[in-house]
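Engineer: One structure is given below, represented as C-alpha cells, and several questions about it will come after.
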Amino acid sequence: MKGTPITERLYDYIVANFAQEDDLLRNMPAEAERRGVPLIHISPEQGKFLQVLMKAAGARKVLEIGALFGYSTIWLARALPEDGRLIALEVHPLHAQVTRENVARAGLAHKVEVREGNALDLLAQLDGEGPFDLAFIDADKPGYVSYLEHALRLVRPGGLIVGDNASAQGNVWKVDADSDAEFINAIRAFNERMATDPRLVSVLVPIADGMCVGVVNGG
Ligand code: MG
C-alpha cells in the first residue's frame with residue numbers, strides 16, 4: 001500500500017470538515033434517480049477540489065463537458081464570481097433538462113448555460129466564447145481524447161484541464177484488460193495524453209475515481 005488508505009472514518013472526516021453538502025446538493029441525487037438519471041456524479045470532496053482549483057486559477061469562465069444532472073455544475077458555478085460564466089454541455093435531453101432545473105433551483109441560472117447536444121459539435125462552435133479558465137471533462141470515455149484536444153484549444157495558458165474517472169475504477173493500469181477494455185483503454189489514452197503533451201503539466205490525483213489535473217503551460 002502506497003500512501004494512507006482512505007478508510008470510511010477518514011473519508012467521513014474529510015467530507016465533514018471540507019466538503020459538506022447543503023440541503024440542495026444532498027437532495028439532488030435521489031430526485032435525479034427518481035427521474036431516471038444514473039447516479040454517476042462526482043463526490044462532494046471532488047466538488048470542493050474543483051472549487052479549490054478554480055480559486056487558484058482565478059477562474060471566471062468555465063467549460064463543463066458532461067453535466068449529468070448538474071451536481072458538479074453547481075459546485076463549479078458556486079466558485080465563480082457573480083459575473084462569471086459556466087457553459088455546460090450535455091448530450092442527453094432529460095439530463096440537460098434536470099440540470100437546468102437544478103441550476104435554477106440553486107439560483108445560478110444567471111451564470112450557467114446548459115447546451116444540449118453532441119459535445120464534439122458544440123465544442124467546435126465555442127471558439128468565439130473562450131478562452132476558458134478551466135475545462136472539466138466528465139462524459140463518455142471514448143470521447144475523452146477528442147474533448148482534451150478541444151480543451152487545449154479553448155483553455156488559456158495557466159488555465160486548468162481536469163478529467164474525471166482517471167483511475168478507471170482502479171483498473172487504469174491494466175494494459176490488456178479482459179473486461180471493460182474499451183472504457184479502460186479510453187481512460188489510458190486520455191491519461192497518456194495528459195501526461196505527455198508538452199502543453200500540459202499534469203498529475204493523476206487519486207480522489208474518488210481519480211481526477212487527472214493538468215495546467216496549460218505558458219501562463
Ligand atoms: Mg465521472
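Read-outs: derived from the displayed coordinates by stated rules, not from any lab. Just so you know, these numbers come straight off a predicted model, no measurement behind them. All Cβ positions, even for glycine, are placed from backbone atoms using ideal geometry, and neighbour counts span all protein chains on display.
Engineer: Treating the chain as a set of equal point scatterers at the Cα positions, no solvent, please give the Debye-formula log₁₀ I(q)/I(0) at q = 0.10, 0.11, 0.18 Å⁻¹.
Structural biologist: Treating every Cα as an identical point scatterer, log10 I(q)/I(0) equals -0.42, -0.51, -1.45.
Engineer: Would you mind checking which residues have amide H under 5 Å from residue 155's amide H? H placed 1.01 Å from N; only 5 or more apart, or other chain.
Structural biologist: Hits under the 5 Å cutoff: 132.
Engineer: What residues qualify as long-range amide H neighbours of residue 64, i.e. H under 5 Å apart, gap of 5 or more or another chain, H built at 1.01 Å from N?
Structural biologist: 87, 88, 89, 136
Engineer: Need one number for segment 178-218: average projected area of the convex hull over its C-alpha atoms, nm². Numbers along the way, then the final one.
Structural biologist: Details: hull surface 12.8 nm².
Averaging across all directions leaves 3.2 nm² for the Cα convex hull.
Engineer: A follow-up question, please. What ranking of 52, 37 emerges when the number of other C-beta atoms within 10 Å of each C-beta is taken as an exposure proxy, fewest first?
Structural biologist: So the residues, fewest neighbours to most, are 52, 37.
Engineer: Taking the Cα centre of the chain as the origin, how large is its charge dipole in debye, to the nearest 20, when only Lys and Arg (+1) and Asp and Glu (-1) carry charge on their Cβ atoms? Please list the in-between numbers first.
Structural biologist: Details: 22 positive and 30 negative charges, 114 e Å.
Here the size comes out at about 540 debye.
Engineer: Each residue of segment 199-208 in turn: what ³J(HN,Hα) in whole Hz from Karplus with 6.51, -1.76, 1.60 and θ = phi - 60°, glycine and Pro shown as x?
Structural biologist: After applying 6.51 cos²θ - 1.76 cosθ + 1.60, I find 7, 10, 10, 9, 8, 8, 9, x, 10, 6 Hz.
Engineer: Okay, helix-only estimate at 222 nm for the chain: each DSSP H run of n ≥ 4 adds -39500 (n - 2.57), divide by all residues, round to 500 deg cm²/dmol; what do you get?
Structural biologist: Numbers: 8 runs with 91 residues, N = 219.
Computed ellipticity for the chain at 222 nm equals -12500 deg cm²/dmol.
Engineer: Also, quick follow-up: If you rank 1, 28 by fewest surrounding Cβ atoms within 10 Å, what's the result? Please report the intermediate quantities before stating the final value.
Structural biologist: Values: 1 4, 28 22.
Going from least to most buried by this count: 1, 28.
Engineer: Enumerate the aspartates and glutamates that residue 141 could reach by cross-link, defined here as Cα to Cα under 15 Å, with residues fewer than 8 away along the same chain left out.
Structural biologist: 64, 90, 149, 164, 180, 182, 192, 209
Engineer: Out of every Cα pair in segment 68-111, what percent are spaced more than 12 Å from each other? The partial results should precede the final answer.
Structural biologist: On the way: 508 of 946 pairs.
Considering segment 68-111, 54 percent of its Cα-Cα pairs are separated by more than 12 Å.
Engineer: Taking the Cα-to-Cβ direction at residue 109 and at residue 52 and moving 7 Å from each Cα, how far apart do the two end points lie in nm?
Structural biologist: 3.4 nm
Engineer: While we're on this one: For the ranges 5-17, 122-134, what's the packing order if you count other beta-carbon atoms within 10 Å of each residue, average per peptide, and put the highest first? The partial results should precede the final answer.
Structural biologist: Working: 5-17: 10.7, 122-134: 16.5.
For the peptides 5-17, 122-134, the packing ranking is 122-134, 5-17.
Engineer: Shape of segment 79-149 from its Cα gyration tensor (a ≥ b ≥ c, root eigenvalues): rounded if a/c is under 1.5, otherwise prolate when a/b > b/c, or oblate?
Structural biologist: Since a/c reaches 1.5 but b/c is at least a/b, the shape of segment 79-149 is classed as oblate.
Engineer: Which far-off residues, 5 or more places away or on another chain, put their amide H under 5 Å from the one on residue 211, with H placed in the peptide plane?
Structural biologist: Amide H neighbours of residue 211, under 5 Å, 5+ apart: 166, 205.
Engineer: Hey, another quick one. Largest first and in whole Å, give the semi-axes of segment 1-53's equivalent ellipsoid, each being the square root of 5 times a Cα gyration tensor eigenvalue.
Structural biologist: Values: eigenvalues 115, 37, 25 Å².
Calculated on Cα positions only, the semi-axes equal 24, 14, 11 Å.
Engineer: Just to be sure I understand: if I project the alpha-carbon convex hull of segment 109-219 onto a plane and average over all orientations, what area do I get in nm²?
Structural biologist: On the way: hull surface 30.6 nm².
About 7.7 nm², averaged over all directions.
Engineer: Sticking with this structure for a sec: Picking from 150, 79, 7, whose Cα lies most toward the positive end of the charge dipole for the chain (charges on Cβ: Lys, Arg +1; Asp, Glu -1)?
Structural biologist: 79
Engineer: Find the relative contact order for segment 8-216 and round it to a whole percent, using C-alpha pairs within less than 8 Å whose residues are 6+ positions apart. Intermediate results must be reported in sequence, preceding the final value.
Structural biologist: On the way: 369 pairs, mean separation 35.4, N = 209.
Relative CO of segment 8-216 lands at 17 percent.
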